[in-house]
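Bear in mind these aren't lab numbers, they're just calculated from the coordinates by the rules spelled out. A quick note: this is a predicted structure, and the numbers were derived from the prediction, not measured. Every residue, glycine among them, receives a Cβ derived from its backbone with ideal geometry; neighbour counts consider all protein chains shown.
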Amino acid sequence: MKTEIVDFDKRLTGRMAELGISQADLCRLTGLASSMVSHYCTGQRMPSIPAALKIARVLNTSVDYLAFGNLPQKKADSLAVKEKAVRYASKRLSPEHIEDEHSLVGMYRLLSAEGQSKVFEYVEDLLSTGRYT
């Protein structure tokens with residue numbers, strides 16, 4: 001197994017291209033700063049572990065794949081969920097919704113990695129039913 005991170009930027013931008021996700025989309029969906037995402041995409045910097053986890057979730061892949069390229073990607077069964085998230089991220093929100101969204105993000109950030117993962121799974125489940133979209 002490889003232990004040196006090589007070509008993270010190429011796997012990152014390749015996966016983004018496969019899913020049709022722009023850098024702006026990735027910023028909105030992960031909450032990461034556009035300058036940081038740009039640095040990751042150009043290979044100027046490597047993301048922290050929490051940032052890499054956020055990116056991998058949005059791209060429906062694993063950190064191991066992005067970092068080392070030697071492990072299989074996750075199934076693309078939730079690609080439709082990701083596409084809905086991209087469409088939602090581009091919608092204009094009212095000030096009330098923006099405030100609610102900021103509150104949710106703030107609470108999400110207080111959770112442990114396990115708690116954040118559970119929230120993400122729950123939201124994916126809600127979206128996948130089509131009942132709440």
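What does the charge add up to near THR42, with Lys and Arg as +1, Asp and Glu as -1, over the other residues with Cβ less than 14 Å from its Cβ? Net charge in that neighbourhood comes out at +1. Peptides 101-111, 51-61, 7-17 ordered by packing proxy, namely the average of other Cβ atoms within 10 Å per residue, highest first: 51-61, 7-17, 101-111.
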